[in-house]
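This report concerns only the one structure given below.
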Amino acid sequence: MPLRPIDAIFVHPKRRLYVVYYRGELWELPRMKIDDQSWQNRQPYTDDSRGLYLSIHQTISDPTLAQKLRTLNLPAAIHGSTLPRFEAWWEAFGFKWLKDKLATGESPLAAHQVVVPKMDAAKAFDNQTASPSNYQAAPLNNDRTIKQKSGEQKTAAVADTDVFADMLADLANEVLDQKL
């Protein structure tokens, strides 16, 4: 059975670098930072792959790179696995895991797992009023500038959401069409 190409982030602890498993190929990033600039400067990874361990952090914070790499929020049980062990798990359980995630309505994409902490409104108010050092003067912008900026932010947020929604839809169709 052909395997779906998967993107995953691995760490080489001795050389202190990231290696990206990109659709079955290994790419070494030039520094311990995962962003589009590092991805542009990637090199093929040619060392022994047994020294690579699956990173516990699969979420990519750079929005440009997150559109290119479809990393998944993999189960905690396989975090820290070597590359051969990860490939064996993916071959044996990957499609079932994806199918289960999609059946429960959860997104398997790591990009969808970013959690923004919520703060109780009363607690937020107390935090703001407790100390005079928290006082900040309002910016002297006119209403038009403020409305324009908030509109741009909403447009960017909708565009990011649509990209991830499209990626999830493609992944869902691929998994549901696959015969097990």
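Quick one: check the C-alpha center-to-center distance for region 58-107 versus region 1-55, whole angstrom. Region 58-107 and region 1-55 have Cα centres spaced 14 Å from each other. Calculation over all alpha carbon pairs of region 25-75 in 5 angstrom steps from 0 returns a P(r) of 4, 18, 25, 30, 17, 5, 0 percent.
Between Asp166 and Ile78, what is 0.36 nm times their sequence separation minus the Cα-Cα distance? Round to one decimal in nm.
On the way: separation 88, 0.36 × 88 = 31.68 nm, distance 2.66 nm.
Length difference between fully extended and current span is 29.0 nm.
Computed from backbone phi, the HN-Hα couplings of region 76-85 come to 4, 5, 9, 4, x, 5, 6, 4, x, 5 Hz, rounded to whole numbers (Karplus: 6.51 cos²θ - 1.76 cosθ + 1.60, θ = phi - 60°; Gly and Pro given as x).
Coordinate-derived values only; no laboratory data. Here the structure is a predicted model, which means the values were calculated and not measured.
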